[in-house]
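Down below is the structure, laid out as structure tokens.
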Amino acid sequence: MGGDATKKVTPLDAIVGERVRQQRVSLGLSQGALAEKLGVAFQQVQKYEKGTNRISASRLHGIAEALGVPVTYFFDDAAATAAPRDIEGTDQLTFGGMQLNRAFFRIHDNHLRCHLVDLVQSIADAADEDGASSTR
């Protein structure tokens with residue numbers, strides 16, 4: 001058996017597999033067509049989608065490219081089941097943050113993306129200043 005199949009499969013693996021299936025179906029791709037893009041047998045795609053085999057990071061990256069979505073797409077709905085993570089020692093990653101990230105990656109205009117980053121940073125800076133002045 002390969003390395004992917006020997007590791008214990010988790011509920012998150014099943015969620016990711018289901019997201020792969022949903023996106024593949026929404027694009028009208030067969031398991032065989034996706035397998036061909038990835039250079040694997042369709043049975044391997046079937047195992048990924050059922051969650052019976054774990055998907056490595058490099059394979060997930062390839063799947064994301066083949067399906068035209070960011071890697072984060074496969075984890076968006078799983079945010080509620082994952083443990084909150086500390087970001088730079090401040091706030092926890094929230095579902096709102098995941099939604100913002102997903103929407104951001106749907107914007108293909110890099111110029112607009114840069115403006116949005118500047119806007120969000122300005123808002124965060126202003127919120128920091130407001131918070132600092134209210135505690136004085």
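Values quoted throughout were computed directly from the atomic coordinates according to the rules given, and no laboratory measurement underlies them. Keep in mind the model is a prediction, meaning the values are calculated, not measured. Cβ: placed from backbone, ideal geometry, glycine included. Neighbour counts: every protein chain shown.
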>> Given a Förster distance of 30 Å, report the FRET efficiency between ALA124 and ALA14 from their Cβ-Cβ distance, rounded to the nearest 0.05.
In response: 0.25
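Given a Förster radius of 30 Å and the C-beta distance between HIS111 and VAL71 as r, what FRET efficiency does 1/(1 + (r/R0)^6) yield to the nearest 0.05?
Plugging the Cβ-Cβ distance into 1/(1 + (r/R0)^6) gives 0.80.
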